[in-house]
1. Taking the Cα atoms of region 77-209, report the difference between the largest and smallest coordinate on each principal axis, in whole Å and largest first.
2. Nearest 0.05, what FRET efficiency do S108 and S198 give at R0 = 22 Å with Cβ-Cβ as r?
3. Return a whole-number percent for the relative contact order of region 1-147, with Cα pairs under 8 Å and 6 or more residues apart as the contact set.
4. What percentage of the solvent-accessible surface of the chain, computed with a 1.4 Å probe over protein heavy atoms, is contributed by carbon and sulfur atoms?
5. Multiplying the sequence separation of E80 and A191 by 0.36 nm and subtracting their Cα-Cα distance, what value in nm do you get?
6. Roughly what percent of Cα-Cα pairs across region 7-253 reach past 22 Å?
7. Of the options T222, N51, G159, report the single residue whose Cα projects farthest towards the positive end of the charge dipole of region 7-253 (beta-carbon charges: Lys, Arg +1; Asp, Glu -1).
8. Taking Cα centroids, how far is region 105-141 from region 198-250 in Å?
Amino acid sequence: MDKNRKLIIAGNWKQNKTAAEAHDLVVGLKRELGTVKEVDIVVCPPFTALNEVSKLVLDSNIWLGAQNMSEHNTGAYTGEIGAGMLKEFSVRYVILGHSERREYQKESDALVSAKLQAAHGASLKPIVCVGETLTEREANQTEEVLARQLKGSLAGITGELMEETIVAYEPVWAIGTGKVATPDQAQAVHAFIRSKISELFNPSVAKHVRIQYGGSVKPGNTRELMSQPDVDGALVGGAALEVRSFSDIIKNSI
Ligand code: PGA
């Protein structure tokens, strides 16, 4: 955390929660977190719950995010959802290139970059995910992999738009495994990511970009992770599905 960058903590609900379940979760979050001003709080429900959640978060301190979007605005792309459709529900953030999409939907850096440009074109704030697998970390390829992902995924935007982009560092080996990166490991990688952004854009842009950590974030490890100078928030999966754990993460980050 650096006082010049506001913390941003987002809940990535993945393929969980019906609209009715989403309703209950968000009502609980509003009750617990209504007075929090220090953190940008974001919830990213599945598309089918966006309508319900958008009505509940109106006039609250909770922002709405989506988990993915199409690189195309409209057209013959069966099953896809475009940025304009998300804007209809007051969506403000969109997660792009999550490792699960990179793995299961074979999303490439080039595709993530196309989505990034489409998101900015609609004034959505993208959260671009990067991260190495366990095999890559053990082969000492972490920096090489991240450098490649950052260069490819962040291509095609100006420095000004980069400042509005959030990067989420999510080591694949830490996602849903209970194996969290140590605060030192996270800080080292976040500092590396910031240096790469400085190279790809410029030092001033790098200073403004918020970099979230994701992968087994829980109430008990939040404080230490958020106290690292280059960690500016969290992208939370499993622990974002319950009122108690997600609101404790937010409270412990302050
Ligand atoms: P996790 O997921 O918190 O359940 O590890 C994080 C993510 O995939 O964004």
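The values are calculated or read from the model by the stated rules, or taken from the named source; none is laboratory data. Please read these numbers as outputs of a predicted model, since none were measured by experiment. Because the Cβ atoms are built from the backbone with ideal geometry, glycine has one as well, and the counts that use them run over all protein chains shown. Each accessible area value is taken on the protein alone, full model and side chains, heavy atoms only, with ligands, DNA and RNA left out. Shrake-Rupley method; radii C 1.70, N 1.55, O 1.52, S 1.80 Å.
1. Cα extents, longest axis first: 42, 35, 23 Å.
2. Step by step, r from the Cβ atoms, then E = 0.35.
3. 18 percent
4. Details: 5680 of 11240 Å².
Reported share for carbon and sulfur atoms: 50 percent.
5. Working: separation 111, 0.36 × 111 = 39.96 nm, distance 3.51 nm.
That pair, E80 and A191, stretches by 36.5 nm at full extension.
6. Working: 15161 of 30381 pairs.
When all Cα pairs of region 7-253 are counted, 50 percent exceed 22 Å.
7. Toward the positive end, the furthest listed residue is N51.
8. 17 Å
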